[in-house]
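See below for the structure under consideration.
The values are calculated or read from the model by the stated rules, or taken from the named source; none is laboratory data. Please read these numbers as outputs of a predicted model, since none were measured by experiment. No Cβ is skipped: glycine too gets one built from the backbone with ideal geometry, and neighbour counts run over all protein chains shown. Surface areas here come from the heavy atoms of the whole protein model, side chains and all, with no ligands, DNA or RNA. Shrake-Rupley method; radii C 1.70, N 1.55, O 1.52, S 1.80 Å.
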Amino acid sequence: MAKERGHWASRFGFILAAAGSAVGLGNIWKFPYITGENGGGWFVLIYLGCIALIGLPIMMAEVLIGRSSQLSPVGAFRKFTHGGSPWMGVGWLGVLAAFVILSYYSIVAGWAMHYTWLSISTGFTEMESDAISATFGSVYANPWINIGWHGAFMAITIAIVAKGVRGGIELASRILMPVLFILLLILLIYSTTRDGFGEAFKFIFMPDSTKLSGASVLEALGHSFFTLSLGMGAMITYGSYLHKKEDLVSASITIAFLDTAVALLACLVLFPIIFTVGMDPAAGPGLVFVSIPIAFSQMTGGALLAPLFFLLLTFAALTSAISLLEVAVSYFVDEIKIPRLVATIMTGFVIFIFGIPSALSGGTALFGSGFADMTQSIFGEGDGKNWFDLFDYLASNWMLPLGGLGIAVFVAWRMGDAAREEGFKTSSQLGKLYWWWVFLLRYIVPIGVLAVFLHAIGII
Ligand code: TRP
């Protein structure tokens, strides 16, 4: 069966696709807003630590599982454990996570699409900051805007995934990612000239010990999984389309580096604007949708760059969404033997339905404020989450780290030494790092993740 599998055209194709999966709304939408909510400094530092010591080793482990099994997650775990083992649960958890994450991810991608349209149709150039901020509130509260764009975004994602790995995914990443990067650099130049730049720089890079809680650490850990697309088999699946001879170590380092660069760049662009206009850095999910239009409204050429920015953000979301859908689809194709087209449409449709409560979270009491009151009574004081927030919280803070823990423990303790060592060293110039990697996977990852979990539940 391995012979019929689609493969990337080249190692470069894999890096592009994996970086396309990693770089997405997590970097430009989510990272700045949770950095704002968690007080900057420490949060950023812990996040960087999680990327280097936990995320990166797990990424190598995932790519290794995929590349050596040439199978999607559930099948890969079956192959290595000879069937019927509880390890396959790690694969199933990943399939479930794909449904949960994509259902609300698509709503945010819908906002990016809507903002592309808004910046063309009405434009932000004539608008005051207050009006721009009010715009986000009314978009979030409007069920039809949210459901409509959510449907449109899912339809595009389905169409690309239905065409299969190479045709759809590689192409989309090839051109658009570099353009997005350049646009962020242009915005960075603008941001460095704002009055708030100094304050923003301190906020992002100077740890302030008063603002650190256990919940922040859990969030930083969870986000390091989310942003690198780890913990649910996306990198196993992408790794399975990689030829067996390719070097996974340097590829993983490149991907993690690019991803982190974009996340930090997004903060360096957003926060100077936020501090300059006096917005609250803890304003929540609307942060990028308010601060970026404000910047464009003041900048020469902003009227042209604004639609371009939101269009590219939509594409960044698309290359990530594709990898989420691909995990679920490859499960149904490889394990249940459903034809690819049918599996894609069916899965995508279920995710669309799953996303409707998230689409309604900003506007109805049912899934918005009323639901938040209910979760508050479950999670406790100050923790009221609407459906959208709850899905994001459960998936990134709990499901992904749990899945990542399973993957790390599996590769470190369960996979044979020979297979692991051979896999890591194949074609790699960095084979010397092997024992460091094994050490991180064996001890640092499990202890780190468990400690954060236990602390979050209040046991330590
Ligand atoms: N990493 C993407 C982002 O930062 C989101 C994403 C794509 C993802 N595939 C994933 C998150 C798999 C977790 C697991 O936007």
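General remarks:
- The single residue among LEU188, LEU242, LEU248, LEU183 that is open to solvent by 30 Å² or more (accessible area, probe 1.4 Å) and away from the ligand (no atom under 16 Å from the Cβ) turns out to be LEU188.
- So TRP387, is it closer than 30 Å to ALA152 by Cβ and either open to solvent by 30 Å² or more (accessible area, probe 1.4 Å) or of a type in the set (Lys, Arg) (or both): yes
- In segment 336-345, the residues that are open to solvent by 10 Å² or more (accessible area, probe 1.4 Å) and of a type in the set (A, V, I, L, M): ILE336, ILE338, LEU341, VAL342, ILE345
- Boolean, THR237 is open to solvent by 10 Å² or more (accessible area, probe 1.4 Å) and out of contact with any strand residue (DSSP E or B) (no Cβ under 6 Å at 6 or more places or on another chain): no
- Enumeration of residues in segment 346-366 that are under 26 Å from THR227 (Cα atoms) and either open to solvent by 40 Å² or more (accessible area, probe 1.4 Å) or not in a helix (DSSP H, G or I) (or both): PHE349, VAL350, PHE352, ILE353, PHE354, ILE356, LEU360, SER361, GLY362
- Unmet criterion (only one of (1) under 20 Å from ILE54 (Cα atoms); (2) within 16 Å of the ligand (Cβ to nearest atom)) for PHE391: (1)
- Subset tally (residues that are open to solvent by 10 Å² or more (accessible area, probe 1.4 Å) and either at positive phi or within 16 Å of the ligand (Cβ to nearest atom) (or both)) for segment 212-231: 3
- Filter result (within 12 Å of the ligand (Cβ to nearest atom) and open to solvent by less than 10 Å² (accessible area, probe 1.4 Å)) within segment 319-333: THR319, SER320, ALA321, ILE322, SER323, LEU325, GLU326, VAL327, ALA328
- Among the residues of segment 36-56, those that are more than 26 Å from LEU440 (Cα to Cα) and open to solvent by less than 30 Å² (accessible area, probe 1.4 Å) comprise GLY36, ASN38, GLY39, GLY40.
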